[in-house]
1. First measure r as the distance between the Cβ atoms of R72 and V195, then evaluate 1/(1 + (r/R0)^6) with R0 = 25 Å and state the FRET efficiency to the nearest 0.05.
2. Please list, in order along the stretch 114-124, the HN-Hα scalar couplings obtained from phi with the Karplus expression 6.51 cos²θ - 1.76 cosθ + 1.60 (θ = phi - 60°), rounded to whole Hz, x for Gly and Pro.
3. Dividing the convex hull volume of the alpha carbon atoms of the stretch 150-204 by its residue count, what do you get in Å³ per residue?
4. Show me, for the stretch 171-176, the HN-Hα J-couplings you get by feeding each phi into the Karplus relation (A = 6.51, B = -1.76, C = 1.60, θ = phi - 60°), rounded to Hz, glycine and proline as x.
5. What full-extension length gain, to one decimal in nm, is calculated for R118 and S151 as 0.36 nm per residue of separation minus the Cα-Cα distance?
6. Express in nm, to one decimal, how much length is gained between D60 and F213 on full extension, taking 0.36 nm for each residue of separation and deducting their alpha carbon distance.
7. Provide, in order from the shortest bin, the percent of all Cα-Cα pairs of the stretch 91-163 in each 10 Å bin, continuing until the bin that contains the maximum pair distance.
8. Work the Kirkwood hydrodynamic radius out for the stretch 80-219: mean of 1/r over every pair of different alpha-carbon atoms, inverted, in Å.
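Taken together, the values in this text are just the output of simple stated rules run on the coordinates, not laboratory data. Predicted, not measured: the structure shown is a model, and the values here were computed from it. Heads up, the Cβs are rebuilt from the backbone with ideal geometry, glycines too, and the neighbour counts pull from every protein chain shown.
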Amino acid sequence: MNHQAEPAGHPAAAPVGRTMPVDGDVLVDGGLLVSGEVLLTEWAAGPPAEAVRPDREAGDARQAHRMAEAFRNAMARFPTGVAIVTTVDEHDTPHGLTVSSFCSVSLDPPLVLVCLARSARCFPVFARTGDFAVSVLRPRHAELALRFADSTAEKFGRGGFARTSRGGVVVDDALATVECRVDRRHPAGDHVILVGEVVGQPLADTGTPAVYFDRRFAAISPAP
Ligand SMILES: Cc1cc2nc3c(=O)[nH]c(=O)nc-3n(C[C@H](O)[C@H](O)[C@H](O)COP(=O)(O)O)c2cc1C
C-alpha cells in the first residue's frame, strides 16, 4: 500500500508565518510532500477560496493519477491470456488489436466478450462492425502481440493470417480461434464491452497459451 497517497496531516491550525516541526512526511495542501519542518504560510491558514482552486485542482489531478497507478498495479497482478481481435471493414480491409480482456460469458447461447478502448484507432471500425474474430496467442506470438498493441504499426503486412470461410481474419497458427456475430455493445467508462455470439466452429489446437502478467509476457508449463 502506498501510504504517501494518504494525506498524513495538515498544519492549518498552527500560526501563519512560523515553522512547525513535522514528525515524518506530511502531505500539505495540493499534495506537496515535505518532511522535517513545514513553513506555515497563508496557505496553511487557509487561502481565499478563489486562490485555492488551481492548487486543489492540481492536487485532485495528482490524487487521480495515484489512484490510476494503484489500479493498474493491482490489475497487473491478475494473469490473463493474450488474444488478437480482428474485424474487416466495408472495403474488406482487416483491422485488429491485442487484448487481454477476452473471456467467455455464456454457454447457451455461446457468448464471449472483449473490452475495447474508445481511444483505439481501430475502435470506429469495431463500433460499427457486425462480426469479429478472436485468435488466442501462443508464447511465440509475443512480437505479434506487441505489433498489434502499437497504433502506428503496419499490422497485417507481414502475413501470418488466414481468411476464414466466413470472411474473417485469424492468426493462422493461433492456439484457438472463435468467430462472433456482435450480440450487443455496452458502454463502460472509456471502453466499450463488445459481446459476441460465437458462430461457426470454434477451433482449438494443442499447446500452451501466451500469458500476460505484471506487464510482461510469460508462458505456463503444464502441471507435471
Ligand atoms: C497484453 C496486452 C493486452 C491489451 N489488452 C487490451 C484490451 O483488452 N483492450 C484494449 O482496448 N486494449 C488493449 N491493449 C492495448 C491495445 O492493444 C493497443 O492500445 C492497440 O494499439 C489499440 O489499437 P490501435 O492500434 O487500433 O490503436 C492491450 C495491449 C497489450 C500489450
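1. 0.50
2. Whole-Hz 3J(HN,Hα) from phi for the stretch 114-124: 9, 9, 10, 5, 4, 7, 5, 4, 7, 4, x.
3. Each residue corresponds to 116 Å³ of Cα convex hull volume.
4. Here the 3J(HN,Hα) series is 5, 6, 10, 5, 6, 7 Hz.
5. Full extension of this stretch gives 10.6 nm more.
6. Between D60 and F213, full extension yields an extra 52.1 nm.
7. 15, 50, 30, 4
8. 15.0
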